[in-house]
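Values in this text are rule-based calculations from the coordinates and carry no lab data. Keep in mind the model is a prediction, meaning the values are calculated, not measured. Cβ atoms come from the backbone with ideal geometry, glycine included; neighbour counts cover every protein chain shown.
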C-alpha cells in the first residue's frame, strides 16, 4: 500500500512535474533513507564509509535539482514536483524496509512477497481511481490505443519482473545494499534519454556520478 500504491503514484506525478532527469535524481534519496531506516528498525549497521556515501549521494541530488533551467524553481509546478519526489522516495524506502523485515522473519517466498505488494498497491490505486475521474484514463487509452502496448510491457518488466527480482534480493541482502544497487538504473535511463535526443547537461552527469559513487559507499553494509 505504501511502496506501490502511494510511492508509484507520487513517482509519476514527479515525472510529469520535473521530467526524467530530476525525477531520477530524486530517487537517489532512497538509498539514504533505506539505509537509515534499516539501521533504526532492523539493526543493519552503518559503517564510516557508508556515512561518506550518504553525504555524496545527497550532494549529487542537490547538485542536479538546484540546476537552473528555463522554468524557474520558483514555479509552483517545480516545487510541487519536488514534494512528489520526496514522497516517492520516502514511500519506496518504507516499503523496502518492511519487505526486508517480512522476508527475513517469515517463511514467505519472494514471489508471494511481490504478489502481496502488487495486490495491496492495486487496491490503493483502485480506491484512488474511484474518487478521481475513474473514466478519464480509459477514455485517453481509447483515443490513443498505441499507448496500451508500451504501458503493458512497462508494467510487466518493471512492476512484475522487477519487483519479483527485488524481493529475491531482499531475501538475501540488507535493504541498504539492495536499494543502492537498484539506484544504478538511472544510468541506463539517462542513456536512453540521450539516444532519443534529450539534453543531458554536464552538471547532471556530474551529479549522477556523485550519487553513484555515494551509493557504492553503501555496499559494505553488514547485518548485525
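Looking at the square roots a ≥ b ≥ c of the eigenvalues of the Cα gyration tensor of the range 2-216, which shape do they give, rounded for a/c under 1.5, prolate if a/b is larger than b/c, or oblate?
oblate
By counting other Cβ atoms within 10 Å of each Cβ, how are 105, 27 ranked from fewest to most?
105, 27
Would you mind classifying the range 147-190 by shape? Square roots of the alpha carbon gyration tensor eigenvalues, ordered a ≥ b ≥ c; an a/c under 1.5 is rounded, otherwise it is prolate if a/b is larger than b/c and oblate if not.
Cα axes put the range 147-190 in the oblate bin.
Sort 52, 193 by Cβ crowding within 10 Å, fewest neighbours at the top. Walk me through the numbers on the way to the answer.
On the way: 52 14, 193 18.
Ascending number of Cβ neighbours within 10 Å: 52, 193.
Under Stokes-Einstein, with the Kirkwood radius over Cα pairs standing in for Rh, what whole-number D in µm²/s applies to the range 84-123 at 4 °C and 1.567 mPa s? Mind showing how you got there, number by number?
Working: Rh = 10.9 Å.
The Stokes-Einstein estimate is 119 µm²/s.
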